[in-house]
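This report refers to the structure that appears directly beneath it.
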């Protein structure tokens, strides 16, 4: 199912080269001021253009189909549509025969019996994250002073990210990266003891972002190498502030009032201009593939704003569950 | 909510030092042969006893409360109860004042207003994984020839795990570890394109296991350092087998028919005998804490069977969704 | 939440006088042939025009936003939009002061703090059933030979329905009615023992249709007056056919292979041209209200096709749950 | 699935002649005082004993398996078990061959392939309502001053209920009845515009109660015979009180602050001592059946407290959704 959330619930739809992509958000409190302008910043951050991103340019103009009245949310489903404008489907038609390594082409055609819209990855495309970013804009407004910040901290194995990108462009290859996200201002008590721990729900949402292959909270994989006496964060204030933050702001699956910190591993873009030797499903023989089309050298460059959106959506849901965001927001 | 799953759905309940812990499983196909004996192996693996595990010994005897008739599942809710027998609640009563660093004590009392059963971690205790392991036994039987195997591959930063444990016991400290899980025999096509990707649903479930702080699929965090031309797994057979397995058996969130591989980071047990300097919530002053009670030196030792169970539960749900496990199992 | 269903799941959105109304359907098997033409018949049945229906005319032209490729469903979310074209919002603006008796005006403004789109009932409008009818078209195709038929059997207390309508039009009043729905060709075994009984899930869905105030299955309220020896349906064939059908095709919440029969009570349209004496929320005094705008004399006339759609959606979900509709439909 | 609810969520399990029946309630706010004594009144009301009810006597002693600590709810899952003590399974064994008309015997064996626990109706038994009544006790406490009252208003077609029962006992037959439920003290604004209307969610829950075959809100089926000018409830106060209550306290699926009123039709108990002529599934020929065992002459006598519980559970969930019951109840 393409739905996520419990009380703040998003449903995404669309395809990369179809009519458009979009999102319906259910559970938005009534009375939140919201106009198209609110979306500009985050859509710009997600948009390609910088070195290392795809030359495909899209207007990415959001259009409210429902749920807005007099520039405020109505409390009923909010649907936002992004029509596709710049599509070149002819680029992809021949990929039906040779599924691109690293892509969803092979699994999609097996799962959907060949009926999938294969153009540009169809419903598997990173373009679907537009709906998520739009939902993130709404969520961030509801979160008020809770501040979420994600940034690329490593690409191609180095923290000199510009250099890594330059090298990859030169090599006509792609590179992966690591994005770190931190959240300040969270109350104690978000999350549930077992299956709906904060780590559980966040990672569920975050692994839906294409290209993410790992996530770690606080010290994460480094914690596996530590002793308990090193890893434990001693509490130093009555409101739960800790000396260190190896837990990444979460104990027992519940926020502890410290900064929440996690990192994700982004794999290198699967589409590269390098020749690949892989199966041709029509001939049943190994074949050479050179992927055409327009692609990102380092998709991780575009992940931070998507990761922020994913995080904001999850935290908004938890905040509503804890009754910390009122049902009628009243234009605050 | 303490529920997980869509068509194969588990609900857990209980406390570490209350009457017991248990699980209700909804959506079990009718006609699966099931007796108490089926649980022995996995409960033994989970049970403490080896060096590095807690001296608390529990019988861990499962009892069917519902859903079994003539040694077969009935198709209606299957409830399994484990009564607690060996509890020493007096060990914990004074921890109300000084929340243990690294534990859920502080967040629990904030979230539940002091009404939580704090004895032995209460509902946050690792003892709750008994219900998960029991559900895993049922799931594994339904999965038939799909084979799940988890093992501890690193502890305290070394692959010489025995040595790491010995050192930690000697230091009266605890150590973390890394557990790897692989799954053989999966069909192509499990998982959904976006929010219910295999990585999403698996990580949701797996982060509910206490002490897990990171997860990575296939090359995981290493992928972030790779080039696309290195990371892409070329397809070498008509059924999708690949030359390498950097994707860990999952493309676009969907199983691709190769071995599924992922690793989790387990933090060191938070309870150590080392003296800790932390806040006393009664006095409002920093205080020294020496955690008594009976604890695991390396909780990661007991994670593999829990991880297998978690994985089996998720995969069973996906298999039923794909109509690959019939509604009436008929005693196969 | 504006979502319904488990495996065949619909999400509706929109407002009566906003940009449009629509539906996203998740869980449609891939490979079902589907074009705009498939919607004509049911949209025509729902459309006004007959005596007793509103003079507001809408094109009701469906537009696929996602989920269709080469005239077949793709297996990913199917979104259908109906843009509003014929809106006269000025009719409604003054109703803010005097909530119309029988309508949702009063509760909507209390629930959504005055932020609701009040024009023409906004999100509460019967126009929202367009999305349901569209989902019903898809569901009916998936149901194949299972045949659903609903018809108005009584209006204004008489079976001479034409006469009842004529009288109400003459009186400038409105009338209620009873719609009966029967389903042929159902297999034994749809539905779940307790909370997801067929009656439970059907009535949940059906009471979401505006103006429905009662539902009864089989003999329904008449059963309350019967003896067990009269009401019991003796089984007369090995496949469960019964002599009588007082159960309406459902025992213990599960379909028994006989015709499913139920009836719903539709209240009279709340908007009438008759003068009403009710509270003016601005003045705090009782006031006279004459509802302008364009309305149905007997909304029950337009209920049958909506009821069929609601039933089809529920039964499709149950059929998929029972694995009786394959995940890949393959254009049958 | 045997689960119901969104934020106040119940899971039932068990069989009539197995080890017991029970319920797990998830989402109970922490800090509600709760002891076994709280259950006495409602369990007594549900218990058989009066003329017209089954001679099977059960202790119906609730036992908390989890979620209670120091006589207060903990905020984590609350599990209540009722062990079966008085079972006579031999009564039922021969019914496998001749499914009882009106019962779930036939559909159960088809749905679960013969693996169902058929003793005493197994999981389909009215005994499962014990868990529902227990959940209702908790819900009623949370609802505070909201008062729910259900009563049998008609049996066997007459309001002289005692007479109807006497006659049926004399005839060795059974009779149906009508139960009316009213709720006072509800706020305006519970329920959602479309799929989660109050009528939708209540009827979903209520049709899970065995033997219910119809439900109507306010004027219900009578509304179908009325004119709009008669049916509309004029508002006579600023807080929404109406002159009449044909809507039964609900407009557009949302509570309007007036008394909520609905009625359910209860079919006559299917088990009667009358000889029935029905199919023998072993011989494939019509056969005579005289149902032995211990049964209720008028099951409707025992419905009111179950209906109250069902209503309380649904309303509690809506109240929590509207943030009108706090997450930490603090022993009020």
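Checking each residue in region A:4-21 for being facing chain C (nearest Cβ under 7 Å), closer than 18 Å to residue C:14 by Cβ and under 17 Å from the mean Cα position of the chain (by Cα) picks out A:9, A:11, A:13, A:14.
Among the residues of region B:121-156, those identified as within 25 Å of residue B:104 (Cα to Cα) and not in a helix (DSSP H, G or I) are B:125, B:152, B:155, B:156.
If we keep just the residues of region C:59-91 that are assigned to a loop (DSSP other than H, G, I, E, B) and buried (at least 21 other Cβ atoms within 10 Å of the Cβ), which is modelled with the lowest pLDDT? The extreme case among them is C:60. Residues in region B:191-198: is at least one without any contact (Cβ under 8 Å) to a residue 12 or more places away in the chain and out of contact with any strand residue (DSSP E or B) (no Cβ under 8 Å at 6 or more places or on another chain)? No. Evaluate region D:80-92: report whether one residue or more is at positive phi and in contact (Cβ under 8 Å) with a residue 12 or more places away in the chain. The answer is no, given that none of the residues of region D:80-92 is at positive phi and in contact (Cβ under 8 Å) with a residue 12 or more places away in the chain.
Would you confirm whether or not region D:250-258 contains a residue that is part of a strand (DSSP E or B), under 22 Å from the mean Cα position of the chain (by Cα), within 22 Å of residue D:147 (Cα to Cα) and more than 8 Å from every other protein chain (Cβ to nearest Cβ)? Yes, there is a match, as at least one residue in region D:250-258 is part of a strand (DSSP E or B), under 22 Å from the mean Cα position of the chain (by Cα), within 22 Å of residue D:147 (Cα to Cα) and more than 8 Å from every other protein chain (Cβ to nearest Cβ). Taken over region A:171-220, the criterion of being out of contact with any helix residue (DSSP H, G or I) (no Cβ under 7 Å at 6 or more places or on another chain), outside any loop (DSSP other than H, G, I, E, B) and at the interface with chain B (Cβ under 7 Å from one of its Cβ atoms) is satisfied by A:199, A:216, A:220. Looking at C:250, C:235, just one residue is touching a helix residue (DSSP H, G or I) at 6+ places or on another chain (Cβ under 7 Å) and farther than 24 Å from residue C:196 by Cα, and that residue is C:235.
The listed residues are D:319, D:260, and the only one of them that is farther than 26 Å from residue C:217 by Cβ and modelled with pLDDT of 95 or more turns out to be D:319. Screening the candidates B:139, B:135, B:150 for the property of being within 12 Å of chain A (Cβ to nearest Cβ) and either buried (at least 24 other Cβ atoms within 10 Å of the Cβ) or under 13 Å from the mean Cα position of the chain (by Cα) (or both) yields one hit, B:135.
Residue D:1 meets all of the listed conditions (1) in contact with a strand residue (DSSP E or B) (Cβ under 6 Å, 6 or more places away or on another chain); (2) at pLDDT 90 or above; (3) closer than 25 Å to residue C:200 by Cα but one, namely (2). Take residue D:28 and decide whether it is crowded, with 18+ Cβ neighbours inside 10 Å, closer than 21 Å to residue B:69 by Cβ and touching a strand residue (DSSP E or B) at 6+ places or on another chain (Cβ under 8 Å). Judged against the criteria, residue D:28 is not a match. Which condition number does residue D:119 fail, the rest of (1) modelled with pLDDT of 95 or more; (2) in contact with a helix residue (DSSP H, G or I) (Cβ under 6 Å, 6 or more places away or on another chain); (3) more than 7 Å from every other protein chain (Cβ to nearest Cβ) being met? Checking residue D:119 against (1) modelled with pLDDT of 95 or more; (2) in contact with a helix residue (DSSP H, G or I) (Cβ under 6 Å, 6 or more places away or on another chain); (3) more than 7 Å from every other protein chain (Cβ to nearest Cβ), the one that fails is (1). The residues in region C:264-299 that are over 14 Å from residue D:233 (Cα atoms), buried (at least 23 other Cβ atoms within 10 Å of the Cβ) and at pLDDT 95 or above can be counted, and the count is 3.
Looking across region C:96-112, the residues that are touching a strand residue (DSSP E or B) at 6+ places or on another chain (Cβ under 9 Å) and not in a loop (DSSP other than H, G, I, E, B) come down to C:105, C:106, C:107, C:108, C:110, C:111. Residue C:267 meets each of the listed conditions (1) in contact with a helix residue (DSSP H, G or I) (Cβ under 6 Å, 6 or more places away or on another chain); (2) more than 7 Å from chain D (Cβ to nearest Cβ); (3) more than 21 Å from residue C:193 (Cβ to Cβ) apart from (2). From the list B:229, B:237, the lone residue that is more than 25 Å from the chain's Cα centre (by Cα), more than 30 Å from residue B:10 (Cα to Cα) and part of a helix (DSSP H, G or I) is B:229. Take the conditions surrounded by fewer than 20 Cβ atoms within 10 Å (Cβ to Cβ), modelled with pLDDT under 90 and touching a helix residue (DSSP H, G or I) at 6+ places or on another chain (Cβ under 8 Å) and apply them to residue C:54. Does it pass? Against the criterion (surrounded by fewer than 20 Cβ atoms within 10 Å (Cβ to Cβ), modelled with pLDDT under 90 and touching a helix residue (DSSP H, G or I) at 6+ places or on another chain (Cβ under 8 Å)), residue C:54 does not qualify. Among the residues here, residue C:314 qualifies as assigned to a helix (DSSP H, G or I) and more than 7 Å from every other protein chain (Cβ to nearest Cβ).
For region B:259-300, the tally of residues that are farther than 25 Å from residue A:109 by Cβ and either outside any loop (DSSP other than H, G, I, E, B) or over 28 Å from the mean Cα position of the chain (by Cα) (or both) stands at 21. Taking first residues from region D:269-290 that are at negative phi and partners that are loosely packed, with under 11 Cβ neighbours inside 10 Å and assigned to a strand (DSSP E or B), the Cβ contacts under 9 Å between residues at least 6 apart in sequence or on separate chains come to D:275/D:288; D:276/D:288; D:277/D:288; D:278/D:288; D:279/D:285.
Taken together, the residues in region A:154-165 that are under 20 Å from residue A:46 (Cα atoms) and either exposed (fewer than 15 other Cβ atoms within 10 Å of the Cβ) or more than 10 Å from every other protein chain (Cβ to nearest Cβ) (or both) amount to 3. Every condition in (1) buried (at least 23 other Cβ atoms within 10 Å of the Cβ); (2) in contact with a helix residue (DSSP H, G or I) (Cβ under 9 Å, 6 or more places away or on another chain); (3) within 14 Å of chain D (Cβ to nearest Cβ) holds for residue C:114 except the one numbered (1). Please tell me if residue C:13 is crowded, with 22+ Cβ neighbours inside 10 Å and either over 23 Å from residue A:82 (Cα atoms) or free of Cβ contacts under 8 Å to residues at least 24 places away in the same chain (or both). No, not satisfied. When restricted to residues that are more than 7 Å from chain C (Cβ to nearest Cβ) and within 12 Å of residue C:266 (Cα to Cα), region D:221-233 contains 1.
The values are calculated or read from the model by the stated rules, or taken from the named source; none is laboratory data. Not measured: the values here are computed from a predicted model. Every residue, glycine among them, receives a Cβ derived from its backbone with ideal geometry; neighbour counts consider all protein chains shown.
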